[in-house]
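Novice: Before we start, here is the structure in question, set down as structure tokens.
The values are calculated or read from the model by the stated rules, or taken from the named source; none is laboratory data. For clarity, every value in this text was computed on a predicted model and none was experimentally measured. Here the Cβ is made from the backbone with ideal geometry for all residues, glycine too, and neighbour counts use every protein chain on show. The protein model used for the area step is the full one, side chains on, heavy atoms only, and it has no ligands, DNA or RNA in it. Shrake-Rupley method; radii C 1.70, N 1.55, O 1.52, S 1.80 Å.
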Amino acid sequence: MASNIESPNLSRRGFVFAAGTAALAAAGAGLAGCAPAATKEGEGNAPEKKAVPDVFTDGTYITHGTSMHGPIDVKTVIEGGAIASVAVLNHNESRVVGEHAIEKMPQRIVESQCVDADAITGATVTSMAIKNAVVDAVIAAGGDPDDFSGYAAPAPTPRTVEKSADVAIMGAGPAGLMAAWAAAEKGKSVVICERMGYTGGCTPITGGGIYTQETQLQRAWGLDLVPETHSTIEHRLEIYAGRMQAEDNPYYNPDMPFIRTILESSSRAVDKMLGIGVAFCPMGESAVPLFAPGDFQIGGKFAMEIVTHYVTAQLGVEIITEAPVTALDIQDGRAVGFTAEGADGTVYEVTAKAVVLASGGYIMNDELMHEYQPDDLKFPLMGPPWATGDGMLLAKDAGAAWICMDKGVTSHYHAGVSLAETSYIHYCVPGVVVNGNGERFVSESISYIVALRKFKEEPTTDFYWVFDDPASYGLMPNGNASRIDYSFLLETGDIVKGENYEDLAEKTGLSGLVATLDTVNDCAVNGAEDPFGNENLPALQLDGPMYAMKILPTPYIAQGGVKVDLSGHVQREDDSLIEGLYAVGDVTGALENRDGADYMIGLTQAVGYGLVVGETVAADLG
């Protein structure tokens, strides 16, 4: 009969539900370690079996880990001294990226019998949570995790495959997919090589909003009902114009040609996606098109799955995953293809008439960050794993220029203890930001880019998001408009609770917190002027339960990139073009910078300029 057991060896991550056998495993049964054992003479290659310790018990063990987006529940089955199966029962991980590890990591552990198996590329945190949960299961069963260590990755089998196409694209994120769509729609053959094991790039882990105007969705809703700031392209350009400072910006261009192109082309991109069945939320939930069912939900995953299927099944685009591009083929100053190396050892030699770089930015390239953004290394970087600047470096080797490398980074928030992603905490849970002394130093309502500059000026990295009891209900998925579940942060040590604000100040050691919150309430309740410019300060219920969550600014996009013209042609320093070479997406940095504006929404640029570049390539090839 199954029974609940408690193991003294369990870490704080979990408890165990075990279906234990009535008797201990029979002596002599194999404890299957992953390192090959020595063989005895006459036994061929059969590994020597290890005796199962007397305490090692077959059964089903449910353990828990904490990952990027909260708790993970893992079921591990121990049979005959081996890890018979591993399955993730419940999780809140990101769609596609986290799910890739959810699918692949258990399989890798079982096949190798190693709890130290290599993490799944791009999903290290999720992989580690699963591995830690399996370690707990082994310990709970009475086993030694060291007997399940020594992972060796399977050796690849080298081979070379030659491919040819009109267009070769590096990267199958939204920019690469949209470029492939536009080119293939014009009758061009397209091959994409993608370094990750999935397509869609950042889309499944973004908010899913496309900051564009005058789409079919917005027109159907009624432009007069859409907030003015998003009702027309001209109104949106006015917003950008108000944010640019002409006097000290070397990139200032009042005509805003790049921004205008982003807005116009992204509107067309939304309409094209609508035409193939991509779902968007009702306009009442957002002023801009937002992938259904909403921010940081599965809408981005579904959208990119539909686009991927459409371009492959309907337009004949070939996509090769787990095949990072390692070299460009430049002949007589023209790009004529590239080389990609597959995880299985396959080398793809792709010949093409045009090459599109859509490989992402560089924020996860330590060397480039030290050179261009050293001040931002004060904080942990939480960019996408493929943002290592590969496409930028290949373009530079081919003679391309880089531009706007002085424009810094943009960031989100992560929880300061678990490092769980909390990008929308300020939307879901109204509160105020304080430093390690409990003092406010920045407006909570300004953009992440501007806020990060203020965070960097602080002498420490101790920051807290402080909120009251009514606001705490926003931690629940039914308590916020984005339907995000942050409730797990109450159990990870990220959030400290006080009986009131004085008790909270004492528990956190935030000496100035009481005076700070008194001032906040004076501003919010009595209409006093907020010295930091926040016109939407919440009035806090200070005599009831109060909470402080330690937060970290986490840079995730570095804004410089490959220099391109308005149509996506890659340029040298003197503005001359590298024939046959194009770039789009984060590899070009934030194109808003080219007009003198700060980065806004990368997804808007990616889907819009993806179309522009695909159409440009098709027109250039004739």
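Novice: For the stretch 170-193, how many residues meet the condition of being more than 22 Å from ILE205 (Cα to Cα) and aliphatic (A, V, I, L, M)?
Specialist: 5
Novice: Can you name the number of the only condition in (1) at positive phi; (2) within 29 Å of the chain's Cα centre (by Cα) that ILE484 fails?
Specialist: Among (1) at positive phi; (2) within 29 Å of the chain's Cα centre (by Cα), ILE484 violates only (1).
Novice: So which residues in the stretch 111-158 are β-branched (Val, Ile, Thr) and open to solvent by 40 Å² or more (accessible area, probe 1.4 Å)?
Specialist: THR121, THR124, VAL125, THR157 - these are the residues of the stretch 111-158 that are β-branched (Val, Ile, Thr) and open to solvent by 40 Å² or more (accessible area, probe 1.4 Å).
Novice: Give just the number: which of (1) open to solvent by less than 30 Å² (accessible area, probe 1.4 Å); (2) assigned to a loop (DSSP other than H, G, I, E, B); (3) of a type outside the set (S, T, N, Q); (4) over 20 Å from TYR609 (Cα atoms) does GLY361 not satisfy?
Specialist: (4)
Novice: Can you tell me which condition GLY284 does not meet? The list is (1) surrounded by 16 or more Cβ atoms within 10 Å (Cβ to Cβ); (2) part of a helix (DSSP H, G or I); (3) over 18 Å from the mean Cα position of the chain (by Cα), and all the others hold.
Specialist: (1)
Novice: Here's a check for you: in the stretch 194-229, which residue that is within 20 Å of the chain's Cα centre (by Cα) and hydrophobic (A, V, I, L, M, F, W, C) is most open to solvent (accessible area, probe 1.4 Å)?
Specialist: Per the stated criteria, the residue is ILE205.
Novice: Here's a follow-up. Of everything in the stretch 230-266, what is among the small types (Gly, Ala, Ser) and either open to solvent by less than 20 Å² (accessible area, probe 1.4 Å) or out of contact with any Gly (no Cβ under 9 Å at 6 or more places or on another chain) (or both)? Give them in sequence order.
Specialist: SER231, ALA241, GLY242, SER265, SER266
Novice: So which residues in the stretch 161-200 are within 16 Å of LEU328 (Cα to Cα) and among the polar types (S, T, N, Q), if there are any at all?
Specialist: Result: SER164, single match.
Novice: GLY294 is checked against (1) in a strand (DSSP E or B); (2) touching a helix residue (DSSP H, G or I) at 6+ places or on another chain (Cβ under 9 Å); (3) at positive phi and fails just one. What number does that condition carry?
Specialist: In the conditions (1) in a strand (DSSP E or B); (2) touching a helix residue (DSSP H, G or I) at 6+ places or on another chain (Cβ under 9 Å); (3) at positive phi, GLY294 misses (1) alone.
Matching residues to (1) among the hydrophobic types (A, V, I, L, M, F, W, C); (2) assigned to a loop (DSSP other than H, G, I, E, B); (3) touching a residue at least 12 places away in the same chain (Cβ under 8 Å):
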site: GLY200; (1), (2), (3): no, yes, yes
site: THR212; (1), (2), (3): no, yes, yes
site: LEU237; (1), (2), (3): yes, no, yes
site: TYR240; (1), (2), (3): no, no, yes
site: GLU247; (1), (2), (3): no, no, no
site: TYR251; (1), (2), (3): no, yes, yes
site: SER265; (1), (2), (3): no, no, yes
site: ARG268; (1), (2), (3): no, no, yes
site: VAL288; (1), (2), (3): yes, yes, yes
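Novice: Is it the case that the stretch 476-496 has a residue that's open to solvent by less than 10 Å² (accessible area, probe 1.4 Å), among the small types (Gly, Ala, Ser) and in contact with a Cys (Cβ under 7 Å, 6 or more places away or on another chain)?
Specialist: There is no residue in the stretch 476-496 that is open to solvent by less than 10 Å² (accessible area, probe 1.4 Å), among the small types (Gly, Ala, Ser) and in contact with a Cys (Cβ under 7 Å, 6 or more places away or on another chain).
Novice: Determine which single condition LEU489 fails, assuming it passes every other condition in (1) in a helix (DSSP H, G or I); (2) within 15 Å of LYS550 (Cβ to Cβ); (3) at pLDDT 95 or above.
Specialist: (3) is the only condition that LEU489 fails.
Novice: Which numbered condition trips up VAL409, out of (1) closer than 23 Å to ARG195 by Cβ; (2) surrounded by fewer than 22 Cβ atoms within 10 Å (Cβ to Cβ)?
Specialist: Looking at each condition in turn, VAL409 falls short on (2).
Novice: Using the structure shown, decide if ALA340 is assigned to a helix (DSSP H, G or I), crowded, with 19+ Cβ neighbours inside 10 Å and in contact (Cβ under 8 Å) with a residue 12 or more places away in the chain.
Specialist: Against the criterion (assigned to a helix (DSSP H, G or I), crowded, with 19+ Cβ neighbours inside 10 Å and in contact (Cβ under 8 Å) with a residue 12 or more places away in the chain), ALA340 does not qualify.
Novice: Here's another thing I want to ask about it. Please give the strands (runs of 3 or more DSSP E) falling wholly within the stretch 511-622 in which 2 or more residues are surrounded by 24 or more Cβ atoms within 10 Å (Cβ to Cβ), modelled with pLDDT of 90 or more and among the aliphatic types (A, V, I, L, M).
Specialist: 546-558, 577-583
Novice: Residues that are crowded, with 20+ Cβ neighbours inside 10 Å and either in a helix (DSSP H, G or I) or modelled with pLDDT under 95 (or both): does the stretch 393-402 have at least one?
Specialist: Within the stretch 393-402, one or more residues are crowded, with 20+ Cβ neighbours inside 10 Å and either in a helix (DSSP H, G or I) or modelled with pLDDT under 95 (or both).
Novice: Another question, then. Determine whether the stretch 235-252 contains at least one residue that is modelled with pLDDT of 95 or more, more than 30 Å from TYR413 (Cβ to Cβ) and more than 27 Å from the chain's Cα centre (by Cα).
Specialist: Within the stretch 235-252, none of the residues are modelled with pLDDT of 95 or more, more than 30 Å from TYR413 (Cβ to Cβ) and more than 27 Å from the chain's Cα centre (by Cα).
Novice: Applying the selection to the stretch 159-168, what residues are surrounded by 12 or more Cβ atoms within 10 Å (Cβ to Cβ) and not hydroxyl-bearing (Ser, Thr, Tyr)?
Specialist: Of everything in the stretch 159-168, those that are surrounded by 12 or more Cβ atoms within 10 Å (Cβ to Cβ) and not hydroxyl-bearing (Ser, Thr, Tyr) turn out to be VAL161, LYS163, ALA165, ASP166, VAL167, ALA168.
Novice: For residues that are part of a helix (DSSP H, G or I) and open to solvent by 20 Å² or more (accessible area, probe 1.4 Å), scanning just the stretch 418-458, find the one that is farthest from HIS69 (Cα to Cα).
Specialist: GLU457
Novice: Quickly run through the stretch 554-596 and pick out the residues that are aliphatic (A, V, I, L, M) and under 13 Å from VAL409 (Cα atoms).
Specialist: Once the filter is applied, which keeps residues that are aliphatic (A, V, I, L, M) and under 13 Å from VAL409 (Cα atoms), the stretch 554-596 yields ILE557, ALA558, ALA590.
Novice: Would you check if there is a residue in the stretch 461-471 being out of contact with any strand residue (DSSP E or B) (no Cβ under 8 Å at 6 or more places or on another chain), without any contact (Cβ under 8 Å) to a residue 40 or more places away in the chain and not acidic (Asp, Glu)?
Specialist: There is no residue in the stretch 461-471 that is out of contact with any strand residue (DSSP E or B) (no Cβ under 8 Å at 6 or more places or on another chain), without any contact (Cβ under 8 Å) to a residue 40 or more places away in the chain and not acidic (Asp, Glu).
Novice: Quick one: would you say GLU79 is under 29 Å from THR422 (Cβ atoms) and surrounded by fewer than 21 Cβ atoms within 10 Å (Cβ to Cβ)?
Specialist: Answer is no for this residue.
Novice: Would you point out which residue out of ALA184, ALA175 is under 20 Å from ALA323 (Cβ atoms) and surrounded by fewer than 24 Cβ atoms within 10 Å (Cβ to Cβ)?
Specialist: ALA184
Novice: Given the condition buried (at least 19 other Cβ atoms within 10 Å of the Cβ), under 19 Å from LEU591 (Cα atoms) and at pLDDT 90 or above, answer yes or no: does some residue in the stretch 373-386 qualify?
Specialist: Yes.
Novice: Just checking, how many residues over the stretch 321-332 are open to solvent by less than 30 Å² (accessible area, probe 1.4 Å) and either farther than 29 Å from VAL96 by Cβ or in a strand (DSSP E or B) (or both)?
Specialist: Number of matching residues: 1.
Novice: Next question. Do you know which residues across the stretch 303-320 are on the phi < 0 side of the Ramachandran plot, open to solvent by 50 Å² or more (accessible area, probe 1.4 Å) and touching a residue at least 60 places away in the same chain (Cβ under 8 Å)?
Specialist: Of everything in the stretch 303-320, those that are on the phi < 0 side of the Ramachandran plot, open to solvent by 50 Å² or more (accessible area, probe 1.4 Å) and touching a residue at least 60 places away in the same chain (Cβ under 8 Å) turn out to be GLU305, TYR310, GLU318.
Novice: Suppose the filter is over 18 Å from VAL167 (Cβ atoms) and touching a His at 6+ places or on another chain (Cβ under 9 Å); does LEU381 pass it?
Specialist: no
Novice: Quick one: which residue in ILE298, ILE276 is surrounded by 18 or more Cβ atoms within 10 Å (Cβ to Cβ) and under 26 Å from VAL97 (Cβ atoms)?
Specialist: ILE298
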